[in-house]
Protein chains: 2
Amino acid sequence: MFLDSKLAFELDSYFEQAASPMEVHPDVAAAAQYSLGAGGKRIRPALCIGAAKTITSSQCKDSTTVVAVTLELIHTYSLIHDDLPAMDDDDMRRGKPSLHKAFDEATAILVGDGLQARAFELIADAPDLSAEQKVCMIKVLAQAAGMEGMVGGQYIDIQAVDSDMTLDELQAMHEMKTGALIQASLALGGIAAGASDEQLEALDIYGRNIGLAFQVVDDILDVEGDPEALGKTAGKDAEANKPTYVKLLGLDGAKTEAARLLQAAIDALDMFGESADQLRELARYIVERDR
Amino acid sequence: MFLDSKLAFELDSYFEQAASPMEVHPDVAAAAQYSLGAGGKRIRPALCIGAAKTITSSQCKDSTTVVAVTLELIHTYSLIHDDLPAMDDDDMRRGKPSLHKAFDEATAILVGDGLQARAFELIADAPDLSAEQKVCMIKVLAQAAGMEGMVGGQYIDIQAVDSDMTLDELQAMHEMKTGALIQASLALGGIAAGASDEQLEALDIYGRNIGLAFQVVDDILDVEGDPEALGKTAGKDAEANKPTYVKLLGLDGAKTEAARLLQAAIDALDMFGESADQLRELARYIVERDR
């Protein structure tokens, strides 16, 4: 996890609340907790909080933490559904059995559905944000998560097995599948901190580049990564004959592309000065990570 | 369909827009359209619009129509997921093959996910509503759809096969599984029309009773109904050995209970006078329907 330990602890306690409001069936809460507590990299919350700190340079407010949590809820729900047998059929996730293996498929479908709803509920209910900020965030998050974003990208990804894609098509797919939610993470942090349109635009350019870099590095790790560090099966994309950056650009070409995207992301932060240091550090972590 | 034909046409055109924004993959849009266009009873949009008319007695505003559509999006997504093999394993829905039979399971999971996101996006983007109204609606809708509502109720329902339930437990399950979204339909219509807390409370009592009546009648139709009119397999609950009102109360007892709930729902509307006539008519339709 990239976040400092105090904030990470705070996020974890929010995850527990998110999964277990009073009225939730204990099995459903346990299943949600199983997936949320599996210890992902928490990159989306970190980007959200990093964006808010870039704008305000002040302490992370409670509202920003809540908003950061909603991004991990959406991300986790998408992993739960993507792992299902009818989708990517992945038995392992974050080093543990996938939710549908640890529980069952019906529970995995329902918990995914419930986490999505909970994300929107949490934003609607967040403290210290204006109704206008909340509406703006919900629109951004829904578009990023939905058919024009993550869901649409996953659909294209599933169809892509055994198919040829140009670099442009591959990029368009990833911009929907993972990029949209990463860009939304930055937008939500920015909105929470009262960013101007110009500041949101800079965060968005950073987000677009770092989102693509994230995927290029994922493709590199799928070839070079240590399955134990990754916590999931390596070599899966090649085995499934899916288009990847490594396949289209070669391993060296993919590394050059990741470096180019990292630089473009960091350049986009120029207007912010030192207040964007956390986002710069995150960008380097995303490109240099081993899992 | 219960709605008058002009409004029904208007809703259908909104469904088309909801399923097919510019950026959506044509296959995903076609699958969403397949389920949305299958011609359900549109009871939730009708309840939402009926509630708005009860409060304002004026023409149905564009914003109310958009909000009414979001309830059908959530309902349709839940039917798509409930029909999946890992859940209720239903091959037929609204007289046509279920989405996962007409397309495939992955598409059904993703389209359901996408419709849920779209519902929240449409409220965030609705015309002529204040940000406060939108936030309030999104909170109500997310709670009704989520782990404390529809998702949680469906989880209990799946576990209920071959189990015994008391009448109280059966009622609690249905209040989550179908009642919560029906109550949300009335709340959203009321909020759109600027209802007072007292008015929202009356709509909620009506909704709780009519929601339960809806389920009692469903159980009666599962025993007595004509599969062709229903557009789905009858006798399925008995076959699956699920607890039902008919099993707990007998056929006559269930009919008496439906009549009691209908009366309680209509009594809750007393404060509104004639402006609630559409909701009264809807209540009678819900109890007297044959499908």
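Below are the figures for this structure:
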{"read-out": "Cα-projected label distance for A:Asp128 with B:Ser57, points at 7 Å along beta-carbon direction, nm", "value": "4.6 nm"}
{"read-out": "Whether the protein assembly as shown is rounded, prolate or oblate, judged on the alpha carbon gyration tensor where a/c under 1.5 counts as rounded", "value": "prolate"}
{"read-out": "Shape of the stretch B:5-288, Cα gyration tensor, a/c cut at 1.5", "value": "oblate"}
{"read-out": "Charge dipole magnitude, Cβ of K and R +1, D and E -1 - chain A, Cα centre, debye nearest 20", "value": "480 debye"}
{"read-out": "The protein assembly as shown - charge dipole about Cα centre, Lys and Arg +1 at Cβ, Asp and Glu -1, debye rounded to 20", "value": "560 debye"}
{"read-out": "Charge dipole (the stretch B:5-288, unit charges on Cβ, about Cα centre) - positive-most of B:Leu249, B:Gly37, B:Ala52", "value": "B:Ala52"}
{"read-out": "Label point distance in nm, A:Ser13-A:Ala30, each placed 7 Å from Cα along Cα→Cβ", "value": "2.5 nm"}
{"read-out": "Segment A:Asp226-A:Glu288, length gained on full extension (0.36 nm per residue, minus Cα span)", "value": "20.9 nm"}
{"read-out": "Rounded, prolate or oblate (a/c below 1.5 giving rounded, otherwise prolate when a/b exceeds b/c) for the stretch A:68-169 by Cα gyration tensor", "value": "oblate"}
{"read-out": "Counted charge near A:Glu23, where neighbours are those whose Cβ lies closer than 13 Å (Asp, Glu -1; Lys, Arg +1)", "value": "-2"}
{"read-out": "Fluctuation leader among B:Phe214, B:Phe15, B:Phe272 - chain B, Gaussian network, Cα springs under 10 angstrom", "value": "B:Phe272"}
{"read-out": "Relative contact order for chain A, counting Cα pairs under 8 Å that sit 6 or more residues apart, in percent", "value": "21 percent"}
{"read-out": "Minimum Cβ-to-axis distance in chain B for the rotation onto chain A, with residue, whole Å", "value": "B:Ala131, 2"}
{"read-out": "A:Lys101 paired with B:Val161, simple spin-label distance in nm, labels 7 Å along Cα-to-beta-carbon", "value": "2.3 nm"}
{"read-out": "Set of aspartates and glutamates with alpha-carbon distance to A:Lys61 below 17 Å, sequence-local pairs under 8 removed", "value": "A:Asp4, A:Glu10, A:Asp12, A:Asp125, A:Asp128"}
{"read-out": "For B:Ser196, label point 7 Å along C-beta direction: distances to other copies, nm", "value": "4.6"}
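Values in this text are rule-based calculations from the coordinates and carry no lab data. Just so it is clear, the model here is predicted, and its values are computed rather than measured. Using ideal geometry, Cβ is built from the backbone for each residue, glycine included, and neighbour counts are taken over all protein chains shown.
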